[in-house]
């Protein structure tokens with residue numbers, strides 16, 4: 001692990017920079033330390049200069065004194081008050097300095113450096129040797145001088161002392177000069193050493209900088225240059241381009257991610273190309289299965305759509321290389337299992353802890369149990385439509401794969417792309433819904449219904465169609481797509497009223513025969529309007545309004561052939577129109593209108609049951625009665641009575 005850590009480019013460069021920092025910090029610290037010592041050396045040099053000045057001064061003063069030796073007591077008394085105190089002061093100062101230098105400790109008073117601490121001297125061998133010689137010379141000079149002065153310092157023998165100094169002072173001067181020269185040389189050597197140290201440190205730092213630059217050149221700049229060329233290849237459309245992985249540091253990881261990116265882009269473009277060749281959702285899901293295995297391994301994929309009443313998710317299409325009990329049209333409660341937890345982003349779920357056979361009887365419409373019973377132990381939910389609530393979900397399920405964050409992140413990144421891919425087949429229904437809503441509002445604006453008539457009757461139609469798909473004579477005809485289309489296109493049943501004159505459409509009283517014929521033309525007008533819309537869609541390669549045309553033209557046909565405009569009988573009337581006819585009449589009877597009160601539910605059902613096999617298809621009436629609990633839920637939510 002430690003070896004892998006040192007392979008990291010960040011660690012390598014960081015370590016080199018840290019070494020340079022230590023080198024620079026050490027150089028700066030030593031330089032400051034040396035400069036501080038140099039201040040001490042200047043102080044010592046100053047003291048040695050004082051020794052030289054003192055020795056020269058007492059020698060010159062003594063020569064002058066011997067030339068003008070006192071010849072009377074008065075002159076002696078004068079010299080005792082002038083020459084002697086000055087000589088004594090200088091001798092004492094010389095003694096203090098010599099003693100301090102000899103002991104290598106200079107107190108604050110003698111040094112005059114403004115600090116209360118003492119200075120510890122650090123000298124080289126030559127300076128220490130010269131200091132010992134100077135101290136010995138001073139001791140000999142001082143001993144001889146004391147003998148000449150005499151025992152009584154109050155009556156010193158100044159003439160003898162001056163003669164002694166005159167004769168031996170030059171030796172003391174030379175000794176002081178030699179000591180000063182030794183210290184000057186020592187300071188010069190120290191300065192040269194500081195310069196040399198700084199040059200060496202600068203050289204080492206330069207070497208490290210060169211090494212860092214060379215490392216960056218080989219490990220960063222060259223690979224980056226290669227990577228940039230790779231991105232240019234991608235920009236020019238070469239999605240098969242792969243970069244060589246020559247390193248195991250961060251650059252190597254970047255190259256690996258780049259190669260993964262090109263693989264994903266190549267897969268996405270292959271998928272898009274294959275989608276453009278497919279015309280059915282089953283083909284689309286098969287292409288997804290084949291192309292996504294590298295990134296999100298799975299054994300089953302399906303697309304679910306929310307039911308019109310937002311209570312169930314319906315399995316629209318699925319693809320799996322193995323046979324499962326899941327089939328198209330299966331309905332699952334949106335409030336149970338994983339469906340109740342989905343948001344507007346992909347989520348991973350695990351079912352390994354579920355008991356395969358438990359709770360089946362009570363929760364057979366739970367998607368989690370359905371997956372577990374098919375040995376699908378984990379799944380990723382990818383919302384395709386909607387934001388606050390998901391109206392369409394693609395689910396990837398696996399037997400063995402425990403989905404991780406990287407799989408969820410991949411699906412989150414390509415979710416929009418997948419949604420656009422599916423748009424060619426199923427997701428185009430969102431466009432249908434928008435177009436239908438606009439056309440329905442157009443019709444409603446000409447002949448406004450009270451309350452939420454269009455909402456109620458479209459939901460009633462979808463519930464009836466859903467029940468007919470489960471039981472009855474039309475189970476083979478009704479698919480989840482049929483249920484959705486009925487829900488979407490039911491509001492367009494009266495679109496033809498846009499072509500009816502206002503004086504007829506909005507007449508308050510009873511219509512005469514001509515006006516009745518005029519109003520009965522609205523199914524034909526609606527069919528013509530929608531056929532023109534369909535022609536425009538076919539020019540773009542789509543078919544959208546086929547069921548809408550059936551509903552608009554035939555929702556006033558009656559099962560016994562007494563309806564209009566074509567007088568169709570029984571099964572000749574499109575099933576979608578028969579369903580919408582029942583839903584429309586049921587809502588008209590049970591809703592309040594300006595010209596009537598709302599009928600009670602039982603009364604409306606009794607009336608429509610009597611019209612079964614006359615006005616209405618008996619199978620559709622039976623489906624309405626079986627779905628009354630859910631129909632009443634819609635009625636109570638949107639009723640206008």
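Only the coordinates and a few stated rules stand behind these numbers; no lab work does. Predicted model only: the values in this text are computed from it and were never measured. Here Cβ is always computed from backbone atoms with ideal geometry, including for glycine, and neighbour counts include all displayed protein chains.
Which length gain, in nm to one decimal place, applies between residue 13 and residue 221 when the Cα-Cα distance is subtracted from 0.36 nm times their residue separation?
Extending this stretch completely gives an extra 73.5 nm.
Suppose the Debye formula is applied to equal point scatterers at every Cα of the range 587-641; what is log10 I(q)/I(0) at q = 0.19, 0.22 Å⁻¹?
-0.70, -0.89
With no solvent and one point on each alpha carbon, what is the Debye value of log10 I(q)/I(0) for the range 25-105 at q = 0.11, 0.21, 0.22, 0.26 Å⁻¹?
The Cα Debye sum returns log10 ratios of -0.48, -0.96, -1.00, -1.17.
In Å³ and rounded to a whole number, note down the convex hull volume per residue for the Cα atoms of the range 177-228.
So the per-residue Cα hull volume is 34 Å³.
Computed FRET efficiency, Cβ-Cβ of residue 33 and residue 103, R0 22 Å: what is it to the nearest 0.05?
0.45
Hey, quick one: spin label on residue 159, modelled 7 Å out along Cα-Cβ, who in the range 50-69 has an amide N within reach, i.e. under 14 Å?
65-69
For residue 566 paired with residue 96, estimate the spin-label separation in nm (one decimal), with each label point 7 Å from Cα along the Cα-to-Cβ line.
Each label point lies 7 Å from its Cα, and together they span 13.2 nm.
Determine how many Å³ per residue the convex hull of the Cα atoms of the range 430-638 encloses.
Spread over its residues, the Cα hull of the range 430-638 gives 123 Å³ apiece.
Please give the peptides 341-348, 308-315, 469-476 ranked by average Cβ packing (other Cβ atoms within 10 Å per residue), highest first, as a rough proxy for protection.
Packing order, densest peptide first, comes out as 308-315, 341-348, 469-476.
What distance in nm separates the simple spin-label points at residue 510 and residue 273, each placed 7 Å from Cα in the Cβ direction?
7.2 nm
Viscosity 1.306 mPa s, temperature 10 °C: what is the translational diffusion coefficient of the range 2-213 from Stokes-Einstein with a Kirkwood Rh over Cα pairs, rounded to a whole number of µm²/s?
76 µm²/s
Residue 630 label point, 7 Å along Cα→Cβ, cut-off 20 Å on backbone N: hits in the range 297-316?
Those under the cut-off are 303-316.
Could you put 99, 488 in order, starting from the residue whose Cβ has the fewest other Cβ atoms within 10 Å?
Exposure proxy ranking, most exposed first: 99, 488.
Using 0.36 nm times the number of residues separating residue 88 and residue 352, minus their current alpha carbon distance, what extension gain do you get?
84.4 nm
What distance in nm separates the simple spin-label points at residue 521 and residue 147, each placed 7 Å from Cα in the Cβ direction?
It is 15.7 nm.
With r as the distance between the Cβ atoms of residue 536 and residue 242 and R0 = 51 Å, compute the FRET efficiency 1/(1 + (r/R0)^6) and round to 0.05.
Once the sixth-power term is evaluated, E becomes 0.65.
Could you tell me the calculated FRET efficiency between residue 470 and residue 261, based on Cβ-Cβ distance and R0 = 35 angstrom, to the nearest 0.05?
So the FRET efficiency works out to roughly 0.15.
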